[in-house]
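Student: One structure, pasted below without further comment.
Here, each number is a calculation from the coordinates, and none is a lab measurement. These figures come from a predicted structure and were not determined experimentally. Using ideal geometry, Cβ is built from the backbone for each residue, glycine included, and neighbour counts are taken over all protein chains shown.
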Amino acid sequence: MTSGPAAAPDIEARGLGRRFGPRTVLHEVDLDVLPGETFAVFGPNGAGKTTLIRVLVSALRPSSGGFRIAGLDPSKRPEEVRAGTGLLSHRSFLYDDLSARENIEFFARLYGCTDGERRADELLGELGLGHRADDPVRTFSRGMQQRVSIARSIAHDPQVLFLDEPFSGLDAEASHALAAVLERRRDAGRTAVLVTHDLRRGHELCDAFVVLQRGRVAERGRAGERSTEEFERDYLRRFRRDPAERP
């Protein structure tokens, strides 16, 4: 992490809630994610992790509370917030008949990037796909498509990157590429919010984390406070005590 303790948060949420009809999925969630942090969100199925991400990327409106991204209110300055954020999930969001380069250029232009071709070539080279830049992504393996999707999500060099279960279905090479991208972005002062079921990888990658349980923040911590093995042990012990939830 590149920022000091006095840095203003890249993500600041207060009392964030979300209901679907009578069911409350998020309960008064508070978050502070500093610039340059990789921040992990853990929790079992149904804990509210993906709902939290969907609210933070403005795919869902909060039912209560509010949040800011890099000091900006998304409800008042949506275009500026959108330009400064990216999303990577287990879905690629790629166009099958476009080449890898064309996909990245398209998304770069969508976010206002004026040097999309140069950026596409740069990222494909970093991700080991420069030799396949002009091939349709439908001819790629799942792992190769995910590497193109990684490039797509950061083509406009967003300050904040949201990742929703990004390691799902990845092969070893794509997983390594993603971890390397996150490390380079952290060194450059960029921020990442990572939602994952992969306790070990998430804990090893993150600087700070929360654990959600039934839509509430059940735990906050920093990765250096205990070993990954201790974190896994305590996490599994927590949810074994709750018969309604399983990791």
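Student: Mark the label point 7 Å from the Cα of Arg222 along Cα→Cβ and return the residues of the range 25-64 whose backbone N is within less than 16 Å of it.
Tutor: 32-40
Student: Still on this structure: For Cα extents along the principal axes in Å, one of [x] 51, 40, 40; [y] 71, 40, 25; [z] 46, 40, 35 was computed from the structure I shared and the rest are decoys. Which label?
Tutor: This structure yields the entry labelled [x].
Student: A further question on this structure: Find how much the distance from Glu79 to Glu230 grows on full extension, using 0.36 nm per residue of separation minus their present alpha carbon separation; answer in nm with one decimal.
Tutor: 50.2 nm
Student: Assigning unit charges at the beta carbon (Lys, Arg +1; Asp, Glu -1) and nothing else, what dipole magnitude in debye, to the nearest 20, does the range 87-201 show about its Cα centre?
Tutor: 320
Student: A follow-up question, please. As an exercise, use a Förster radius of 22 Å and the Cβ-Cβ distance of Ala179 and Glu122 to find the FRET efficiency, rounded to the nearest 0.05.
Tutor: 0.70
Student: Still on this structure: Springs between alpha-carbon atoms under 10 Å, Gaussian network over the chain: tell me which of Phe39, Phe67, Phe93 tops the mean-square fluctuations.
Tutor: With Cα springs under 10 Å in the chain, the top fluctuation among Phe39, Phe67, Phe93 is at Phe93.
Student: Which whole-number percent gives the relative contact order of the chain, counting Cα pairs below 8 Å spaced six or more residues apart?
Tutor: Result for the chain is 28 percent.
Student: What number, in percent, do you get for the relative contact order of the range 112-224 if the mean sequence gap of Cα pairs under 8 Å and at least 6 apart is divided by its residue count?
Tutor: Relative contact order, the range 112-224: 20 percent.
Student: Nearest 10 degrees, 0 to 90: what angle lies between the long axis of helix 172-187 and the longest principal axis of the chain (Cα atoms)?
Tutor: Orientation of helix 172-187: about 80 degrees from the principal axis.
Student: Given H placed 1.01 Å from N in the peptide plane, which residues other than close sequence neighbours of Val25 have an amide H under 5 Å from its amide H?
Tutor: Arg18, Arg19, Phe20
Student: Taking only Cα atoms, what is the 0 to 90° angle, nearest 10, from helix 116-126's long axis to the longest principal axis of the chain?
Tutor: The answer is roughly 70 degrees.
Student: Could you run the Karplus curve 6.51 cos²θ - 1.76 cosθ + 1.60 with θ = phi - 60° over the range 45-57 and give me ³J(HN,Hα) per residue in whole Hz, x for Gly and Pro?
Tutor: 4, x, 7, x, 5, 5, 4, 4, 4, 5, 5, 5, 9
Student: Have a look at Phe20, Ala40, Asn103 and report the one farthest towards the positive end of the charge dipole of the range 2-107, computed about the Cα centre with Cβ charges (Lys/Arg +1, Asp/Glu -1).
Tutor: Result: Phe20.
Student: Against the longest alpha carbon principal axis of the chain, how many degrees, from 0 to 90 and to the nearest 10, is the axis of helix 228-240 turned?
Tutor: Helix 228-240 sits roughly 60 degrees off the main axis of the chain.
Student: Magnitude of the Cβ-charge dipole of the chain, K/R +1 and D/E -1, about the Cα centre, nearest 20 debye?
Tutor: I would put it at about 1100 debye.
Student: For Gly66, which sequence-distant residues (separation of 5 or more, or a different chain) have an amide H within less than 5 Å of its own amide H, given hydrogens modelled in the peptide plane?
Tutor: Arg14, Leu16
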